[in-house]
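Scroll down for the structure; my scribbles are underneath it.
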Amino acid sequence: MEPRALTEGGIGKRAAQSLERFLALESAGGILLIFASLVAIICANSGLHDLYEGLLHLHLTIGLGDTVFDEPLHFWVNDGLMAVFFLLVGMEIKREMMEGHLASIRQSLLPFVAAAGGMLVPGLIYWHFNAGLPTLRGWAIPTATDIAFALGILALFGSRVPLGLKVFLTAVAVIDDLGAVIIIALFYTADLNVPALLQAAGLLVILLFMNIRGMGKLWLYLLVGACLWKAVLSSGIHATIAGVLLGFCIPLKCAGERSPLRRLEHTLLPWVTYGILPLFAFFNAGIDFRAISLHQLSDPVPLGIALGLFLGKQIGIFTSSGLLMKTGFARLPEHATWREFYGVCILCGIGFTMSLFIAGLAFNDPLLTVETRLGVLLGTLASTLLGYGWLRLAMNTQSPERRVAIANDWAKHREGM
């Protein structure tokens, strides 16, 4: 892969602007995610425990058409607000596939192979510890990278990070999201309600027709999308899939109008980054460590998740990428060293939002819920500390000439936007 195809000529002016805005927002969002997680853990392990649990199970009644949903706040965050997050994921994937880092085979080969390795090896590690057990259902939990956390840690190094490494991490995380969405659709669905599924299919046809006709009225897409969410929820498929489908149907280009997809993405990104994801973290990261015994740390579920994230991610991504680069089908990102590249591979073991989300779909047992959260937090913490420490040591060895080259790369990137 030509590194400059990713950082300069390979994407247009608009794509470069979107990348810059995305990196800035997601990095700041990583700090908020950490803060919200810490607040949740403090609440769950202090005198606020009962208040925290009461908030999670506080019921909220909302009527949609002829259907009334009386569900706890935990449901509205995980199945409602997270559908908006998946809408953003769907639009992001579509944009990257049409004109961004995944727009051509040459551009997308390295992150695609890296993401595949980064999903396969963690899944195999989890399988090793849970083979033959009912808990094997959680095999997909350690397969996803949390881009907000990972970019937040990488942002601590500022412009000392080669731009190509940030682009690589972003592309891998985008493909990770796509893989996680496919996994949820295929493996984490309840019994199907055929009439509701047919209704969802009909609404999807309407959205596709609107897209083909070049209709740019976002309110129409959102209205049909809300109906699609309701139908998908009733069908037995997880409701957040409706968000991804709607995102794919929002037109990227529309004659005589500013891109509807870009407008909606620009509007939703700060809400998702600063609101929805921190809320999700607060509602899902609260582990009561007082109820956990030391022997639980060696149980198959937390062990498989923690090692899958910490070891599986870095081994899978670095090995698959290294083989591709050694055979000449791709190149190391420009101005990056193998040590720095490996540091980014370690950061890919930071799994939070998508990992916790899949964990909620995989298990309903309260004990397993606690163990999955414990595994995700341990794997994420280990990847964060080692990844930051490794990169700090690697970047301290940068020569003055290479630091100037990296800074010039960032300057050219900004000038071209």
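Select from the stretch 323-368 the residues that are more than 30 Å from A405 (Cβ to Cβ) and surrounded by fewer than 18 Cβ atoms within 10 Å (Cβ to Cβ) and list them in ascending order.
N364, D365, P366, L367
Being at pLDDT 90 or above and either touching a Pro at 6+ places or on another chain (Cβ under 9 Å) or of a type in the set (A, V, I, L, M) (or both) is true for just one of L156, L151, L120. Which residue is that?
On inspection, the qualifying residue turns out to be L120.
Under 9 Å by Cβ, and 6 or more places apart or on different chains, what pairs join a residue from the stretch 308-336 that is at positive phi with one that is in a helix (DSSP H, G or I) and crowded, with 21+ Cβ neighbours inside 10 Å?
H335/P3; H335/L163; H335/G164; H335/L165; H335/I406
Any chance you could count how many residues in the stretch 98-109 are over 19 Å from the mean Cα position of the chain (by Cα) and assigned to a helix (DSSP H, G or I)?
Result for the stretch 98-109: 6.
Out of (1) in contact with a helix residue (DSSP H, G or I) (Cβ under 9 Å, 6 or more places away or on another chain); (2) without any contact (Cβ under 8 Å) to a residue 12 or more places away in the chain, what's the single condition that is false for G63?
Against the list (1) in contact with a helix residue (DSSP H, G or I) (Cβ under 9 Å, 6 or more places away or on another chain); (2) without any contact (Cβ under 8 Å) to a residue 12 or more places away in the chain, G63 comes up short only on (1).
Can you find a residue that is more than 16 Å from G349 (Cα to Cα) and assigned to a loop (DSSP other than H, G, I, E, B) anywhere in the stretch 110-132?
Looking for residues that are more than 16 Å from G349 (Cα to Cα) and assigned to a loop (DSSP other than H, G, I, E, B), one finds at least one in the stretch 110-132, hence yes.
Filter the stretch 183-193 for residues that are among the hydrophobic types (A, V, I, L, M, F, W, C) and at pLDDT below 85 and give the result.
I184, A185, L186, F187, A190, L192 - these are the residues of the stretch 183-193 that are among the hydrophobic types (A, V, I, L, M, F, W, C) and at pLDDT below 85.
Look through the stretch 258-304, keep the residues that are more than 22 Å from N78 (Cβ to Cβ) and β-branched (V, I, T), and return whichever of them is surrounded by the most Cβ atoms within 10 Å (Cβ to Cβ).
Among residues in the stretch 258-304 that are more than 22 Å from N78 (Cβ to Cβ) and β-branched (V, I, T), the one surrounded by the most Cβ atoms within 10 Å (Cβ to Cβ) is I292.
With the requirement that a residue be at pLDDT below 85, of a type in the set (A, V, I, L, M, F, W, C) and within 21 Å of L38 (Cα to Cα), what does the stretch 244-293 give you?
A285, I287, F289, A291, I292
Using the structure shown, decide if T135 is within 19 Å of A359 (Cβ to Cβ), assigned to a loop (DSSP other than H, G, I, E, B) and among the polar types (S, T, N, Q).
no
Give F149, F209 a once-over and let me know the one that is among the aromatic types (F, W, Y), assigned to a helix (DSSP H, G or I) and surrounded by 18 or more Cβ atoms within 10 Å (Cβ to Cβ).
F149
Kindly indicate which of I125, I183 is surrounded by fewer than 23 Cβ atoms within 10 Å (Cβ to Cβ), β-branched (V, I, T) and closer than 30 Å to D365 by Cβ.
Among I125, I183, only I183 is surrounded by fewer than 23 Cβ atoms within 10 Å (Cβ to Cβ), β-branched (V, I, T) and closer than 30 Å to D365 by Cβ.
Can you give me the ranges of the helices (runs of 4 or more DSSP H) entirely in the stretch 298-397 with at least 2 residues that are at pLDDT 95 or above and among the hydroxyl-bearing types (S, T, Y)?
Result: 313-326.
Collect the residues in the stretch 45-64 that are in a loop (DSSP other than H, G, I, E, B) and farther than 15 Å from F75 by Cβ, keeping them in residue-number order.
Once the filter is applied, which keeps residues that are in a loop (DSSP other than H, G, I, E, B) and farther than 15 Å from F75 by Cβ, the stretch 45-64 yields N45, S46, G47, L48.
The values are calculated or read from the model by the stated rules, or taken from the named source; none is laboratory data. The model shown is predicted, which means the values in this text are computed figures rather than measured ones. Backbone-built Cβ (ideal geometry, glycine too); neighbour counts: all protein chains shown.
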